[in-house]
Each structure stands twice: as C-alpha cells, then as structure tokens.
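Participant: Take a look at the following structure, please.
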Amino acid sequence: VIEAIALDGPAASGKTTVARRVAQTLGFAVIDTGAMYRAVALAALERALALDDGGALTALAESEGPRYRFLPDGEGEQGYRLRVGDRDVTDLLYTERVSVAVPRVAAVSGVRAVLAREQRRIGLEGRVVMTGRDIGTVVLPEAALKVFMTASAEERARRRVAQLDDGAEQFPAVLANIRERDRMDSERADSPLVAAADAVALDTTALSLEQVVARVLELFSRRVASTP
Ligand code: CDP
C-alpha cells in the first residue's frame, strides 16, 4: 500500500480542485495526469502531427514525457505549474483546441504506456494525490485510497463555465466537449474510464467543494488508520 490518493473520474468532475485542497491539508504533492496528456496534445498540435498517427504521437510522448515536471503553485487556478524542460506550458493546456485534441491523443496505447510509466514512478514515491482516469486501475492500484468522482454532465459543464470569463455563452460548446470526452474516454480499448473495483464512488452533483474535500480526507484517514 502506497500513501497516496487516486482520484479518478470523468471530465470536469472537480478532481483538480479537490486534489489541490486535499493535498494542501495533508502536505502532499498534486500530480494531475490529465495535464500530461494535454501537454502531449499541445506538442502534437504545435508540430502539426496527424492525430491518428499513433507512431508519431508515441515517439513524441517518449521524447517529451520524461521532461515533464510538476511544480507547486499556491496562487494559480490549478495549484501547480507544468514545465516541459524549461518551458512552462500550464497556461496553454486548457484552450478549446487542446481539449478537442486530447482524447484522441489519450486513446493511443503507446502514449498511454509512456505517460503511465512516468506517472507510476512519481506515484510510488508516495505522499501524492493523483488525478486522472486510470490511476486506481492502472497507474497506481496500490494507492491507500481510490475515489471515483462523478457528477452529471450538465453540472460539470456549469462548473467549468463558471471558471471562464466569457463562460455563459460558451456553455453549449463546453457541454458538448464534456459529452464527447466522456464517450471517447469510456469507449477506448486501452485503460477506459472505469471505477476500480475497490474505489469509493462519490457523486458530487449535489455536494459543495467543502463537503467533497471533507469526505475524501475522512476516507483517507480511516484507510490509513486501518492499514497495518
Ligand atoms: O480536467 P478535465 O476533467 O477537463 O480533463 P483532464 O483531467 O485534464 O484530462 C484531459 C483528457 O486527458 C481526458 O479527457 C482524457 O482523454 C485524457 N486522460 C486520460 O486518458 N487518462 C488520464 N489518466 C488523464 C487524462
């Protein structure tokens, strides 16, 4: 058992915000694996790679993946910065272009193998909250606590839009992107979005952020207390 929390769930289910608060309380690091998939998608777009060229995308992940570094960032929206070598790409990861490209990049087995290996190496060091789709099932099944967070697609779109300046008018596009990523993430052959058998399911549709954070902390302290 590793002293870590695996926080999985669909797009915009609130994993990043919850992870950030939980990690602050416990003094753990946050590793947002979605940001790594987004960084590969960004690099692919910048190089104008075809998004159905699995070989080229895998080669790209192999050269970039080992250069990713998460730095804590108390002030920022995400709670961390992601660097590729010396370049800070954090603010480029959440554009619509990247959000549309990322599920296609994440469906490539070679890309997943490279990133999962990096993620597992970090996770095995412990004292981390890791967010993603396959942390409890593939990347770090030894995590002391696994949580599968869900919320309705409309509620997730509403929350995501609330973070944007011109949010209201973007609601239809954001909802459509969330639905499309739900579909692609759930239907892909390699590491689909699915709860680990021993994950605690947490439907956050009717819960506040504070309630979710409190629940995760309570579950974790109980797990830690009951493991030898
Ligand atoms: O934050 P949000 O819920 O919008 O998504 P994200 O966590 O940034 O992940 C972006 C995309 O990366 C997802 O839609 C998945 O296609 C992919 N992903 C994945 O396949 N496996 C992970 N462990 C994390 C993300």
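Participant: Would you kindly derive the ³J(HN,Hα) couplings of segment 143-156 from the backbone phi angles with the Karplus curve 6.51 cos²θ - 1.76 cosθ + 1.60 (θ = phi - 60°), listing them in order in whole Hz, with x for Gly and Pro?
Facilitator: Coupling constants for segment 143-156: 4, 4, 10, 10, 10, 10, 8, 10, 6, 4, 4, 5, 5, 5 Hz.
Participant: Quick one: what are the phi-derived ³J(HN,Hα) couplings along segment 47-52, Karplus 6.51/-1.76/1.60 with θ = phi - 60°, whole Hz, x for glycine and proline?
Facilitator: 8, 6, 6, 6, 6, 9
Participant: Using modelled amide H (1.01 Å from N, peptide plane; none on Pro or chain starts), what sits under 5 Å from the amide H of residue 164, excluding residues fewer than 5 places away?
Facilitator: Those qualifying (amide H under 5 Å, at least 5 residues apart or on another chain) number zero.
Participant: A follow-up question, please. I'd like the carbon and sulfur percentage of the solvent accessible area for the chain, probe radius 1.4 Å, heavy atoms only, ligands and nucleic acids excluded. Numbers along the way, then the final one.
Facilitator: Numbers: 5540 of 10490 Å².
Carbon with sulfur: 53 percent of the solvent-accessible area.
Participant: Any idea of the accessible area per residue across the chain, 1.4 Å probe, to the nearest Å²? Show your work: numbers first, answer last.
Facilitator: Values: 10490 Å² over 228 residues.
Heavy-atom SASA per residue in the chain reads 46 Å².
Participant: Three principal axis extents, largest first, for the C-alpha atoms of the chain, in Å?
Facilitator: Cα extents, longest axis first: 50, 39, 35 Å.
Participant: Please name which of 11, 144, 22 has its Cα lying farthest along the dipole of the chain towards the positive end, using unit charges on Cβ (Lys, Arg +1; Asp, Glu -1) and the Cα centre as origin.
Facilitator: Going by the Cα projections, it comes out as 144.
Participant: Counting DSSP beta bridges in the chain, what percent are antiparallel, to the nearest 5? Write down the numbers at each step before the final one.
Facilitator: Details: 7 of 25 bridges.
Expressed as a percentage, antiparallel bridges in the chain total about 30.
Participant: Using only DSSP helix segments of four residues or longer, with each worth -39500 (n - 2.57), what per-residue ellipticity at 222 nm results for the chain after dividing by its residue count and rounding to 500? If you can, show how the numbers build up before the last one.
Facilitator: Values: 8 runs with 112 residues, N = 228.
Helix contribution divided over all residues of the chain: -16000 deg cm²/dmol.
Participant: What number, in percent, do you get for the relative contact order of the chain if the mean sequence gap of Cα pairs under 8 Å and at least 6 apart is divided by its residue count?
Facilitator: Values: 359 pairs, mean separation 73.9, N = 228.
32 percent.
Participant: Going by amide H atoms built from the backbone, whose H comes under 5 Å of the H on residue 80, apart from near neighbours?
Facilitator: Close amide H contacts, sequence-distant or interchain: 73.
Participant: Averaging sequence separations of C-alpha pairs under 8 Å and six or more residues apart, then dividing by the length of segment 116-228, give the relative contact order as a whole percent. Numbers along the way, then the final one.
Facilitator: Working: 91 pairs, mean separation 38.2, N = 113.
Relative contact order, segment 116-228: 34 percent.
Participant: Now for a different question. Quick one: what are the phi-derived ³J(HN,Hα) couplings along segment 90-99, Karplus 6.51/-1.76/1.60 with θ = phi - 60°, whole Hz, x for glycine and proline?
Facilitator: Once rounded to whole Hz, the list reads 3, 6, 9, 7, 10, 6, 4, 3, 5, 4.
The values are calculated or read from the model by the stated rules, or taken from the named source; none is laboratory data. All values derive from a computational prediction rather than experimental measurement. When we count neighbours, we look across all protein chains shown, and the Cβ atoms used for this are built from the backbone with ideal geometry, even at glycine. All accessible areas refer to the heavy atoms of the entire protein, side chains included, with ligands and DNA or RNA removed. Shrake-Rupley method; radii C 1.70, N 1.55, O 1.52, S 1.80 Å.
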